[in-house]
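Shown next, in structure tokens, is the structure this report addresses.
None of the figures in this text is laboratory data; all of them are computed from the coordinates on show. Quantities reported herein were computed from a predicted structural model and do not represent experimental measurements. We place every Cβ from the backbone using ideal geometry, glycine too, and count neighbours over all the protein chains shown.
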Amino acid sequence: MKVTVVGAGNVGATCADVLATREIANEVVLVDIKENFAKGKALDIWQKAPIIGYDTRTVGVTNDYARTAGSDVVVITSGMPRKPGMTRDDLISINAGIVKTVTENVLEHSPNAIIIIVSNPLDVMTYQAHLTSKLPREKVFGMAGILDTARYRAFLAEALNVSPKDIQAVLMGGHGNTMVPLPRYTTVGGIPVTELIGKEELAAIVDRTINGGGELVNLIGTSAWYAPGAAAAQMVEAIVRDQRRVFPVCVELKGEYGIDGVYLGAPVILGKNGIERIIELQLNDEEKALLETSRGHVKEVMDALDKMSKEQPANA
Ligand SMILES: NC(=O)c1ccc[n+]([C@@H]2O[C@H](COP(=O)([O-])OP(=O)(O)OC[C@H]3O[C@@H](n4cnc5c(N)ncnc54)[C@H](O)[C@@H]3O)[C@@H](O)[C@H]2O)c1
Ligand SMILES: O=C(O)C[C@H](O)C(=O)O
């Protein structure tokens, strides 16, 4: 299996490193626009192989998409991260152009690839990749839900003093302040979380999860990468090993949850064909209202992208 990761910055290099260390692919090609940057990162990961003990070959290139030819899965992380004081949506104009160009280059050499978007604003960059690639929703989707639920699970594990491995959760909606964590669908070793934690403490954890990306931006000065890179690699693994894992993924909803034509996080089954199935949960009225708010926000930003594309055809 061959996997390409575009963007050799913090998230892309971490994703490539996890893919190699866990031998998820035979070959990982790292691409960046910055001269020699990807080459250096890929070489460093390859030189770690004898120490840790893996044989995934990592190769880095500067914008040479011919070297990515025949990739089975492509992860797009290229683009600007936000800085303190910015929202993810502030990145739309710069990152839309990058995602468009990169998607075109990727498809020219790997027309059958499954594409996973990571660049922000995530839901709308996934829409951009779809507009450019015209791929069906099963083959172009975004990573956010695994990261957001991982944050939620980590906070819960800390509060309950249990292993994060035993916390199962699902989360829906856009990757931003309107995301919809679902405590009703959160369990700890099979036990509903509401039986183990008080309402107020749980509400505080949900709130911290919603602001989880911003918390790290304020601490680091740029956005997170260890958990995001590992989350994207976990999606790649589910696809290349046909694991049929159940993950929240950003996907175009076409009637599911009564929503049409909007990119939102929803639980799906991920396997060799990409999205194998979208799972429809029976949401209660409160959850439906939160999802509707999230839909409204993401749709506004999608509309902003459409408007921008008309005004600046380079982003069309
Ligand atoms: N979906 C998520 O949950 C999630 C999580 C973390 C970060 N992100 C987003 O991922 C993106 C990358 O974050 P990062 O921390 O790795 O940033 P970074 O600045 O460390 O790396 C980005 C890399 O993209 C490269 N790049 C820019 N334009 C390119 C192009 N046209 N072709 C190839 N490479 C190009 C840059 O040279 C840079 O090396 C940001 O948009 C960030 O907001 C999303
Ligand atoms: O917060 C960001 O800007 C990056 C990413 O979306 C995250 O949630 O870590």
In whole Hz, what ³J(HN,Hα) sequence does the stretch 147-160 give by Karplus (6.51, -1.76, 1.60; θ = phi - 60°), x for Gly and Pro?
-> 5, 5, 5, 5, 4, 4, 5, 5, 5, 5, 4, 5, 5, 8
How many times 2.2 N^0.38 Å is the alpha carbon radius of gyration of the stretch 57-148?
-> 1.07
Only bridges with both residues in the chain count here: give the DSSP antiparallel percent, nearest 5.
-> 50 percent
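Give me the Kirkwood hydrodynamic radius of the chain in Å, from all C-alpha pairs, to one decimal place? Write down the numbers at each step before the final one.
Values: mean 1/r = 0.0510 Å⁻¹.
Hydrodynamic radius (Kirkwood, Cα pairs) of the chain is 19.6 Å.
For THR58, THR178, what ranking results if the residue with the fewest other Cβ atoms within 10 Å of its Cβ goes first?
Working: THR58 26, THR178 18.
Listing THR58, THR178 from fewest to most nearby Cβ atoms yields THR178, THR58.
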Lysine pairs in the stretch 231-316 with Cα atoms under 18 Å, if 8 or more residues apart or on separate chains = 5
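Please give me the summed charge of the neighbours of SER110: other residues whose Cβ is under 10 Å from its Cβ, Lys and Arg +1, Asp and Glu -1.
On the way: positive: LYS2; negative: ASP72, GLU108.
The answer is -1.
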Ordering of 195-203, 232-240, 218-226 by packing [mean C-beta count within 10 Å, highest first] | 232-240, 218-226, 195-203
Reachable lysines from LYS48, Cα under 23 Å, same-chain residues fewer than 8 places away excluded?
-> LYS2, LYS34, LYS39
Summing +1 for each Lys or Arg and -1 for each Asp or Glu, what net charge is found among the other residues whose Cβ lies under 10 Å from the Cβ of GLU215?
-> +2
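Arranged by the count of other C-beta atoms within 10 angstrom, fewest first, what order do HIS130, HIS175, HIS109 take?
Values: HIS130 22, HIS175 29, HIS109 17.
Placing the least packed residue first, the sequence is HIS109, HIS130, HIS175.
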Residue-wise HN-Hα coupling along the stretch 212-217, computed from phi with Karplus coefficients 6.51, -1.76, 1.60 (Hz; x: Gly, Pro) | x, x, x, 4, 6, 4
Antiparallel DSSP beta bridges within the stretch 96-207, percent to nearest 5 | 65 percent
Sequence order, the stretch 43-59: Karplus ³J(HN,Hα) from phi using 6.51 cos²θ - 1.76 cosθ + 1.60, θ = phi - 60°, Hz rounded, Gly and Pro as x, gives 5, 4, 5, 5, 6, 7, 4, x, 6, 7, x, 8, 10, 4, 7, 10, 10
Output the peptides 148-161, 72-85, 283-296 sorted from most to least packed, where packing is the average of other Cβ atoms within 10 Å over each peptide's residues.
-> 72-85, 148-161, 283-296
